1. Just to be sure I understand, how many residues within the stretch A:532-556 are within 30 Å of residue A:451 (Cβ to Cβ) and either modelled with pLDDT of 90 or more or assigned by TED's automatic domain parsing to the domain that holds residue A:237 (or both)?
2. Looking at the stretch A:555-574, is at least one residue closer than 30 Å to residue A:424 by Cα and in contact with a Pro (Cβ under 9 Å, 6 or more places away or on another chain)?
3. Tell me yes or no: at least one residue of the stretch A:216-237 is out of contact with any helix residue (DSSP H, G or I) (no Cβ under 8 Å at 6 or more places or on another chain) and not small (Gly, Ala, Ser).
4. Please find, among A:94, A:157, A:90, A:107, the residue that is surrounded by 19 or more Cβ atoms within 10 Å (Cβ to Cβ), within 20 Å of residue A:280 (Cα to Cα) and either of a type outside the set (Phe, Trp, Tyr) or outside the structural domain of residue A:72 (by TED's automatic domain parsing) (or both).
5. Give the stretch A:373-387 a look and list any residue that's under 25 Å from residue A:255 (Cβ atoms) and either assigned to a loop (DSSP other than H, G, I, E, B) or more than 8 Å from chain B (Cβ to nearest Cβ) (or both), or say none.
6. Tell me, yes or no, whether the stretch A:231-251 has at least one residue that is buried (at least 24 other Cβ atoms within 10 Å of the Cβ), away from chain B (no Cβ under 14 Å) and part of a helix (DSSP H, G or I).
7. Just one of A:321, A:313, A:366 is within 19 Å of residue A:195 (Cα to Cα) and part of a helix (DSSP H, G or I); which is it?
8. Would you confirm, using the coordinates I've provided, whether residue B:37 is among the hydroxyl-bearing types (Ser, Thr, Tyr) and surrounded by 15 or more Cβ atoms within 10 Å (Cβ to Cβ)?
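The values are calculated or read from the model by the stated rules, or taken from the named source; none is laboratory data. Small disclaimer: the values here were computed from a predicted structure and weren't measured. All Cβ positions, even for glycine, are placed from backbone atoms using ideal geometry, and neighbour counts span all protein chains on display.
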Amino acid sequence: MIPELGHYALVLALALALAQAIVPLAGVRTGDAALMSVARPTALAQLLFAALAFAALTICYVQSDFSVLNVAENSHSTMPLIYKITSVWGNHEGSMLLWVLILALFGALLAQFGRNIPLDLQAASLAVQAVIAVSFYLFVLLTSNPFTRLAQPPFEGRDLNPILQDPGLAIHPPLLYVGYVGFSVAFSFAAAALLIGRIDAAWARWVRPWTLTAWIFLTLGIAMGSYWAYYELGWGGWWFWDPVENASLMPWLAGTALLHSALVMEKRDALKVWTVLLAILTFSLSLIGTFLVRSGVLTSVHAFATDPTRGVFILAILVMFIGGSLTLFAWRAPMLRQGGLFAPISREGSLVFNNLFLTTGCATVFVGTLYPLALEATTGDKISVGAPFFDMTFGPLMVPLLIAVPFGPLLAWKRGDILGAAQRLLAAAALAILALGVTFMIQGKSVLAPFGIGLAVFVIVGALTDVAERTALFRTSLANSLRRAVGLPRSAWGTAVAHVGLGVMLLGIVGESQWNIERIVAMKAGDTTTVGRYELTLDGMQQRAGPNFTEVLVNFTVREGGAVVTTLSPSKRAFASRQMATTEAALMRHGVSQLYVSLGDVGEDGTVAVRAYDKPLVLLIWLGTLVMAVGGGLSLSDRRLRVGAPRPSKAKLGLQPAE
Amino acid sequence: MTRKQRRFTLIAGGVAVLAVAVGLILHALDDNIAFFTSPTELSEKPVGPGTRLRIGGLVQPGSVVRPTKLDVRFEVTDGNKAVPVTYTGILPDLFREGQGVVAEGMMEPGGVFKADTVLAKHDEKYMPREVADALKKQGHWQTDYDKAGAKAPAGSPASPAAGSPAAPGAAPGASSALPAPVGTAVAGATR
């Protein structure tokens with residue numbers, strides 16, 4: 001009964017979405033406020049029914065109702081409860097249900113908290129949001145119904161893919177989806193503005209919190225996925241330039257560009273056409289990501305050989321939204337009024353610079369990801385584009401951008417003084433060169449590492465310089481500076497913190513990629529091997545049974561200079577229900593670095609293939625992304641951006657202080 | 001600065017950055033891509049040493065030899081021809097005889113393929129698409145699998161397809177897919 005209720009709720013959500021798509025648009029067209037007001041309640045009701053459908057599927061999983069095909073294929077009665085719940089989105093159908101649930105959630109939030117937005121803009125945005133929802137409800141219902149029943153239910157399910165039975169992966173998809181789907185709000189706003197033909201600085205102010213929210217979640221989602229791959233896949237890599245990773249990186253890059261261009265639009269009323277285009281492109285890239293992952297056109301862990309009708313369906317959705325929105329853009333964008341003038345050297349100019357490099361970087365990732373597809377479609381040749389391609393194209397493009405990061409916030413709006421900014425960055429540059437020199441002295445064989453460390457230090461100190469300048473640190477009394485720091489807008493803090501996070505992440509990337517020590521050896525009990533400054537001794541093995549697996553633990557003692565530091569026990573798990581094995585790496589943190597021990601084959605004669613790494617600074621990669629997300633959060637909490645904040649009066653709007 | 005000049009600066013800057021990007025892409029595409037071939041294609045059109053390749057097929061049952069714990073030799077077959085492959089390092093957890101595999105590396109002068117990366121299929125439902133295509137080309141693909149997958153009585157114990165090249169065990173149409181976790185590569189091993 002519960003699956004049928006869920007199915008029915010989903011159909012009702014579709015019906016509500018249809019109403020929400022058609023009625024408010026008719027209202028916008030005829031100027032009928034009553035019709036426009038339909039958008040709000042339908043959006044809220046749509047969330048209710050989407051949530052009901054999702055809850056129904058969750059109940060099926062919790063109860064291990066194997067009469068539901070989806071549950072039988074992806075769950076097992078002995079699985080811990082937490083994984084029974086996360087199994088809901090650990091498969092194609094369930095994850096698409098989560099997708100539409102989050103879409104409905106954003107629609108409802110927009111309806112609930114967007115009361116300060118003009119009625120026509122809100123109604124049109126919600127209508128566009130509903131059009132997206134309709135196509136995805138249809139996709140779920142027609143091609144990926146999670147509620148399909150089995151005539152003869154099996155006694156036991158086939159279990160969730162063991163590599164997904166992990167807390168990291170439990171929260172990764174929801175975070176990522178909130179990010180992906182959150183950009184739909186910016187898209188809907190852009191399409192609505194084009195439909196209405198009115199766009200101004202206030203528009204950017206309304207769009208920014210939504211974009212920022214999506215961006216924060218996408219940042220966290222990508223970082224979570226990266227950390228999961230690092231410890232779960234057992235070979236210590238944190239980014240593989242896998243098509244599916246690229247699929248999430250592209251919207252992130254475009255979304256980051258959007259955040260920055262929306263700033264120009266909000267403060268200076270410039271770059272309108274570009275910002276609207278970016279809003280469209282960002283969500284389009286999210287859709288392309290969904291297509292790449294869900295259609296199975298690319299070889300990847302995520303891309304299973306799937307039902308071709310799904311691929312075609314998503315492709316149709318993709319063509320409809322990207323084609324439709326770009327057509328709308330080409331048709332309506334020329335009507336948009338030109339904005340304020342600015343000199344190339346100015347805050348606006350630096351943000352344009354940022355956008356130029358981020359979008360170009362995004363384009364290189366796009367080419368590298370889709371070129372194999374295009375080539376196969378045209379010549380039939382099958383190729384793979386690996387990490388070296390991205391290192392050679394994306395890498396160099398990010399260098400000028402990173403150098404420019406500290407300059408941006410120090411330039412004035414409209415016309416900036418680059419020499420003045422450079423002067424203020426002297427301390428940062430000096431520290432960067434010092435770091436470069438020291439790194440080179442300590443470890444002189446590569447040029448890349450010292451340069452990378454220097455650049456990272458420049459970004460971090462440069463971001464702090466901005467705060468120091470704004471609080472007049474060292475130029476006035478400390479108390480005065482403190483008072484200024486408290487009075488500083490949260491968005492200024494957010495910018496500085498996010499940029500510091502970027503630098504910290506860069507430190508981690510440089511450390512991990514340049515000084516990573518890898519050791520692969522075959523060991524027996526009693527053998528010792530050295531990794532960096534640690535000695536690793538294999539003590540022995542033991543068998544253990546988990547809830548739905550059995551594992552072989554291999555115990556190591558870690559010594560540093562003869563003294564015992566800790567013991568590590570990486571393991572090999574065997575999952576009977578899927579006849580699969582996974583490797584659980586063992587990690588030891590020292591400072592922000594990690595010792596990483598993972599296993600290969602465990603032989604019958606007691607020999608074990610051991611993979612051990614010393615990964616300097618590796619934790620900074622994820623710590624940096626976390627700091628970036630915190631920066632985003634600070635920005636979001638800025639009073640002027642708060643979603644529910646009272647609407648500033650018209651007169652004030654025109655006179656916002658430029659900062 | 002007039003609007004015209006400003007626009008010109010912007011466009012010139014944009015074009016310059018794009019030109020650099022295009023240059024980088026063309027340069028990188030020159031030597032950082034690997035073509036995918038099947039063992040049959042490789043025997044028909046041999047590729048000289050020094051070109052990066054990906055070979056896909058099934059691990060020939062009975063061909064896996066380990067001279068030492070970390071060295072491994074095996075053959076990749078598409079049911080018609082087989083290519084000997086050597087690899088040093090730790091193989092992915094899912095590497096098994098009779099299962100789908102993709103090896104990336106270069107041909108050595110003696111006709112042996114030296115792999116630096118080995119990718120194995122991920123579970124009984126997953127098969128690298130190139131491998132599936134290569135097997136289909138050789139006629140070793142049961143088309144029932146294409147259809148059966150969707151209707152297959154789920155919950156029936158996953159049939160271990162090991163040892164049977166004609167039943168690669170991949171059931172296209174079967175629904176399991178990961179929910180887009182970032183940061184996953186095909187389970188593999190790289191040296």
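1. The number of residues fulfilling the criteria is 1.
2. Taking every residue of the stretch A:555-574 in turn, none turns out to be closer than 30 Å to residue A:424 by Cα and in contact with a Pro (Cβ under 9 Å, 6 or more places away or on another chain).
3. Scanning the stretch A:216-237 turns up at least one residue that is out of contact with any helix residue (DSSP H, G or I) (no Cβ under 8 Å at 6 or more places or on another chain) and not small (Gly, Ala, Ser).
4. A:107
5. A:373, A:374, A:387, listed by residue number.
6. No: zero hits.
7. Only one candidate passes the filter, namely A:321.
8. Judged against the criteria, residue B:37 is a match.
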